Amino acid sequence: MIGMLVLLGLVAAVVLTCIGIYNTLVTLRNRYKNGYSQIDVQLKRRNDLIPNLVETAKGYLKHERETLDAVVKARNQAVQAGQKAAGNPGNSTVMQGLMGAEAELSGILGRFLAVVESYPDLKANQTMLQLMEELSSTENKIGFARQAYNDAVMEYNIAREKFPNALIAGAFDFKEATLFEITAPEEKKAVTVSF
């Protein structure tokens, strides 16, 4: 009888441990998904600013049509990649697509800002100044949101790799989440807004 109680106690302890691990992994997965949603909000904000920047600059940059078109194209690709990533933020393939699109957009924005620098009237335009300030602020917020997301992903990945968590993670298909890293050297340079 005592042996049976001990065995039942061990089974109950194992089951409760498994439930605790499962719940912890679910919590951590939801935490990194929430972290991505914060990035998504800021990316959308930046993507909403870009058409206003382009429209404001169009009158001044008549000879820079290729640059304006490249900014719009890169923005649209980043929006599409962001929408895919929002559906599954931990997926490696989608996150790689998003990182590539964001790197492309950052590089083109850098070139756009360099072109803007060479037009004094445009630099002095009040609307352009305000949009550039908002863009700079949004870039900072994206950086903070990316850091929070990466911290949540790291915490989740560590928890799912630990023993015995790895057994539960494997049994319930808790896949490794992907960090939102800066891979392109031009993206590591901050978007500089100076007037």
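Rounded to the nearest 10 degrees, what's the angle between the helix 65-87 long axis and the longest principal axis of the chain, both from Cα atoms, 0 to 90?
Compared with the principal axis, the helix lies near 10 degrees.
Would you calculate the separation in nanometres between label points at residue 79 and residue 176, each defined as 7 Å from the Cα along the Cα-to-beta-carbon direction?
My value for the distance between the label points is 3.4 nm.
Give me the Debye-computed log₁₀ of I(q)/I(0) at q = 0.11, 0.22 Å⁻¹ for the stretch 68-160, equal point scatterers on Cα only, no solvent, two decimals.
Those come out to -0.42, -1.19, one per q.
Farthest toward the dipole's positive end in the chain, which of 30, 15, 145, given Cβ charges of +1 (Lys, Arg) and -1 (Asp, Glu) about the Cα centre?
Value: 15.
Treating only the Cβ atoms of Lys and Arg (+1) and Asp and Glu (-1) as charged, compute the dipole magnitude of the stretch 31-186 about its Cα centre; round to the nearest 20 debye.
Dipole size: approximately 320 debye.
My understanding is that a pair violates if its Cα-Cα distance is over 26 Å; which of 62/141; 73/141; 33/162; 141/175; 73/123; 141/162 do that in this structure?
In this structure, 62/141; 141/175; 141/162 lie more than 26 Å apart at Cα.
Could you tell me the relative contact order of the stretch 31-186? Use alpha-carbon pairs under 8 Å, at least six residues apart, and round to a whole percent.
Contact order relative to length: 37 percent.
Test of the criteria: in the stretch 10-110, which trypsin sites (Lys or Arg not before Pro) are in a DSSP loop and have at most 12 other Cβ atoms within 10 angstrom of their Cβ?
62
Okay, helix-only estimate at 222 nm for the chain: each DSSP H run of n ≥ 4 adds -39500 (n - 2.57), divide by all residues, round to 500 deg cm²/dmol; what do you get?
-28500 deg cm²/dmol, from helical runs alone.
State the answer as a single residue: which of 120, 136, 105 lies farthest towards the positive end of the charge dipole of the stretch 80-177, with beta carbon charges of +1 for Lys and Arg and -1 for Asp and Glu, about the Cα centre.
105
Using the scaling law 2.2 N^0.38 Å as the reference, what is the normalised Cα Rg of the stretch 1-141?
Normalised by 2.2 N^0.38 Å, the Cα Rg of the stretch 1-141 equals 1.70.
Values in this text are rule-based calculations from the coordinates and carry no lab data. Keep in mind it's a predicted model, so treat the numbers as computed, not measured. FYI the Cβ positions are ideal-geometry reconstructions off the backbone, even for glycines, and counts take in every protein chain you see.
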